[in-house]
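Take a look at the structure set out below.
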Amino acid sequence: MRHGDKIKNLSRTASHRAALLSNLTSQLIAHKRITTTLAKAKALRVYAEPIITRSKEDTMHNRRTVFSHLQDKEAIKELFGVIGDKVADRPGGYTRIIKLPRRMGDASDMAMIELVDFNEVYGKDVAAAATKKTRRSRKAAGTGAKKTETAAAGATEVEETPATETEATSEEASTETAE
C-alpha cells in the first residue's frame, strides 16, 4: 500500500533522483524551456519552484541553500540575476507544463516545461488582454457609452486623413509607371 507516499520516485534511488532533478533544474534555468517526460516534468516542478522562490531575495543564505541543491555556479548566477528580477512580483507558479505528442521510440508521454515569465508567445497576449478589459458599474454605463462613441468618431477622422494621402500617392505612382 502507498498510504501517504507523496514523493514521485521515478524508478530511481534517492541519490540518482536528486542528481536527475538537480541537472534538470540547472538546464531549465539555463535554457528557460526543456523537453522531458511528463512524469519527470511533474517531479521537476515540485523540485524547482521552491528554488526559484529563493531567488526572489538575493542573500548569501539563499545562494548557499540553492547551491546545495544545484551545485552549478552558472545556474545560480542566472537564477539570482535574470530570473530573480523577473519573478520578483509573481506570487508563485513560475513554471508551465505543456503536453507534447508521445515519443516515437517507447510511446512515453512527453512534455515541455518552461518558465512562465520567459515565454513571449503567451505573456504578451495575456498582458494585452488584461489591460483591455475594464469593469464598469451599471451607474456609469450610460456615460461610458457616450465617451466611447465620441472617441470612436475621433479615431475614424484620424484614420481617414492618412488614407487619402496614401491613395493620392499611389495614384501618382500608377500614372508615372503607366507613362
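Just so it is clear, none of the values below were taken in a lab; they were calculated from the coordinates. Since this is a predicted model, take the numbers as computed values, not measurements.
Here is how the numbers come out for the structure above:
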{"item": "Whole-Å distance, taken between Cα centres, linking region 24-57 and region 78-101", "result": "9 Å"}
{"item": "Per-selection Kirkwood Rh - region 24-65 (Cα, Å, 1 d.p.)", "result": "11.2 Å"}
{"item": "Relative contact order (%) - region 1-101, alpha-carbon pairs under 8 angstrom, separation at least six", "result": "30 percent"}
{"item": "Kirkwood Rh, Cα atoms: Rg over Rh of region 1-106", "result": "0.99"}
{"item": "Cα gyration tensor category, rounded, prolate or oblate, for region 69-109 with a/c compared to 1.5", "result": "oblate"}
